[in-house]
Amino acid sequence: MSTTIMPPGRCAGCGHELVSAAPESASWCPGCLWNLDEYDPALAPWRGTKLVGRWGFRRGLRIDRATRAELAADPDAGPAGTSTGEVWLSAVSVALGLVGAVAVGYLGWLLLASGLPAGVRVAFALPAVLVLLLVKPAFGRVPRTGVLSERDAPQLHRLVGDVARAAGTPVPDVICADLSINAGVARLGWRQRSVLVIGVPLWVMLPRPARVALLAHELGHLANGDPRRVRRTLLARTFGARAVAATGGRNPWLRAVHGADSVAVHGGGLVALLSLVVHAFLGLVNVLGATAQLLVDSVAMPDSRRAEYRADLMARRVAGTDAFLRSCEVVLLADRVWSELWHLAPRIDGEQLDAMAAELREHLAPKLPLARQMSRRGTDLWSTHPGEDQRMRLVETLPRVDGTLHVDESRWADLDRELAPWRRAVHHALLGTRDRF
């Protein structure tokens, strides 16, 4: 997060200078953390209204506290079978599948059995076609670019295999690299193959032991009961978001007014009226889709957040406490490190990125406490991940461990040579972004 911190005064309890994200935001004390858990629309995700956002923020905090307490009491406990969230998402997916089946049957009747004129049948078929577009399963595609085969990257495949064995998870079917400051695992395609994607910029920023923590966390999602990663929950997870995207995204009513105004300026009264009706219909579908997705996620997200914490505990067990905490710190500073690397890019080459990232981590370390606190305000019930502060607090409450997997320096050197082309690609990306400014 790169929000500018504003100093509005001093804390009456401990005397520290209060900070806030914006002049109108609720301030908090970075020393005693007074008022840190107050809803702040300047940092919390926007959910349509402040009322919904405030409820989601507070609900997310309560779930995080309860989940941390549960897992701190028994950090080695695995997922207890099918979760409530998975049952809920599966039920919604079945219902949506039945709606799709009814739409297919209706289209078949219009095509084969009805005696209506062709134009009328086309008009009557449009609603069913729209329904099918919203509820059809979207399995995603396995990436075709950035795939790292075992022949091209044997050391990386060996490391991922070692992490998977240490974590007790399946080895991913496909390993990909890209230029995002991120990493993730997903099941894609009709066969739902597991795909591990490693963002090389994030990989470069991480200390070597923290890279093991990153891999262990991502692979943990293949065996930790996350309802968002199960095939039978796919329809419920995507239909609302698809409806919002298909109708233009956020601010549907603002678009409706602007669209109607534009048509009114350039067209006649009837055209403007029809345009207003169409935009109003799209706005209604948008709002209904967003509401449906929020309702589904409200039930499913507690189990999904628990799965994220379990993945963190997996990273702690495999890579060690310190390595996991370093990985969280890098995530908190990643945007700032990338910005500094952008300034340095013309004076360095790809082979120097790791060393420069390490220097920048040390240079930016004083910003970590505030960045961590802001992450606590920047997530809510519907965020895909708990805030970094919440994740770090869980691991910090547990006894320190060294981790079960240790990678020697010679292996890291071999792996670095293997990924050298990708480091050069990151350097080229940093240089290329300069064209935008």
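With the structure loaded, tell me whether Ala166 is in contact with an Asp or Glu (Cβ under 6 Å, 6 or more places away or on another chain), open to solvent by 10 Å² or more (accessible area, probe 1.4 Å) and farther than 15 Å from Leu415 by Cβ or whether it fails that test. Here the answer is no, as Ala166 does not meet what is asked. The single condition from (1) surrounded by 15 or more Cβ atoms within 10 Å (Cβ to Cβ); (2) under 26 Å from Leu313 (Cα atoms) that Leu134 fails is (2). Among the criteria (1) under 20 Å from Ala241 (Cα atoms); (2) open to solvent by less than 50 Å² (accessible area, probe 1.4 Å), the one Arg47 does not fulfil is (2). Among the listed residues Arg242, Arg211, Arg237, identify the single one that is among the basic types (Lys, Arg), modelled with pLDDT of 80 or more and either part of a helix (DSSP H, G or I) or touching a His at 6+ places or on another chain (Cβ under 9 Å) (or both). Sole residue among the options that is among the basic types (Lys, Arg), modelled with pLDDT of 80 or more and either part of a helix (DSSP H, G or I) or touching a His at 6+ places or on another chain (Cβ under 9 Å) (or both): Arg211.
Within segment 78-100, the set of residues being out of contact with any Ser or Thr (no Cβ under 6 Å at 6 or more places or on another chain), open to solvent by less than 60 Å² (accessible area, probe 1.4 Å) and at pLDDT 80 or above comprises Ala91, Val92, Ala95, Leu96, Gly97, Gly100.
Taking into account only those residues within segment 101-123 that are of a type outside the set (A, V, I, L, M) and at pLDDT below 85, which is least open to solvent (accessible area, probe 1.4 Å)?
Ser114
So is Gly199 at pLDDT below 85 and of a type outside the set (A, V, I, L, M, F, W, C) or not? Against the criterion (at pLDDT below 85 and of a type outside the set (A, V, I, L, M, F, W, C)), Gly199 does not qualify. Among the residues making up segment 140-188, those that are within 22 Å of the chain's Cα centre (by Cα) and among the polar types (S, T, N, Q) are Thr145, Thr169, Ser180, Asn182.
So, Val331, is that one in a helix (DSSP H, G or I) and either open to solvent by 20 Å² or more (accessible area, probe 1.4 Å) or in contact with a Ser or Thr (Cβ under 9 Å, 6 or more places away or on another chain) (or both) or not? Taking the combined requirement at face value, the residue satisfies it. The strands (runs of 3 or more DSSP E) found wholly in segment 135-206 and carrying at least 1 residues that are hydroxyl-bearing (Ser, Thr, Tyr) and touching a residue at least 24 places away in the same chain (Cβ under 8 Å) occupy 193-199. Restricting Arg306, Arg391 to those that are within 28 Å of Leu33 (Cβ to Cβ) and touching a Cys at 6+ places or on another chain (Cβ under 7 Å) reduces the list to Arg391. Can you tell me which of Trp28, Trp34 is open to solvent by 70 Å² or more (accessible area, probe 1.4 Å) and of a type in the set (A, V, I, L, M, F, W, C)? So the residue among Trp28, Trp34 that is open to solvent by 70 Å² or more (accessible area, probe 1.4 Å) and of a type in the set (A, V, I, L, M, F, W, C) is Trp34. A single entry from Gly105, Gly85, Gly100, Gly13 fulfils the requirement of being out of contact with any helix residue (DSSP H, G or I) (no Cβ under 6 Å at 6 or more places or on another chain) and touching a residue at least 12 places away in the same chain (Cβ under 8 Å): Gly13. For segment 108-134, the tally of residues that are free of Cβ contacts under 8 Å to residues at least 60 places away in the same chain and either under 30 Å from Val174 (Cβ atoms) or not in a helix (DSSP H, G or I) (or both) stands at 5. Scanning segment 42-75 for residues that are in contact (Cβ under 8 Å) with a residue 60 or more places away in the chain, part of a loop (DSSP other than H, G, I, E, B) and more than 21 Å from Asn286 (Cβ to Cβ) turns up Leu43, Ala44, Pro75. Tell me, please, whether a residue that is under 18 Å from Leu215 (Cα atoms), surrounded by fewer than 23 Cβ atoms within 10 Å (Cβ to Cβ) and of a type in the set (Val, Ile, Thr) can be found in segment 276-298. Looking through segment 276-298, none of the residues is under 18 Å from Leu215 (Cα atoms), surrounded by fewer than 23 Cβ atoms within 10 Å (Cβ to Cβ) and of a type in the set (Val, Ile, Thr). Within the bounds of segment 310-326, is there any residue that is in a helix (DSSP H, G or I), open to solvent by 10 Å² or more (accessible area, probe 1.4 Å) and touching a His at 6+ places or on another chain (Cβ under 7 Å)? Within segment 310-326, one or more residues are in a helix (DSSP H, G or I), open to solvent by 10 Å² or more (accessible area, probe 1.4 Å) and touching a His at 6+ places or on another chain (Cβ under 7 Å).
The values are calculated or read from the model by the stated rules, or taken from the named source; none is laboratory data. If you're wondering where the values come from, they're calculated on a predicted model, not measured in any experiment. Backbone-built Cβ (ideal geometry, glycine too); neighbour counts: all protein chains shown. Heads up: the accessible areas ignore ligands, DNA and RNA and are worked out on the full protein's heavy atoms, side chains in. Shrake-Rupley method; radii C 1.70, N 1.55, O 1.52, S 1.80 Å.
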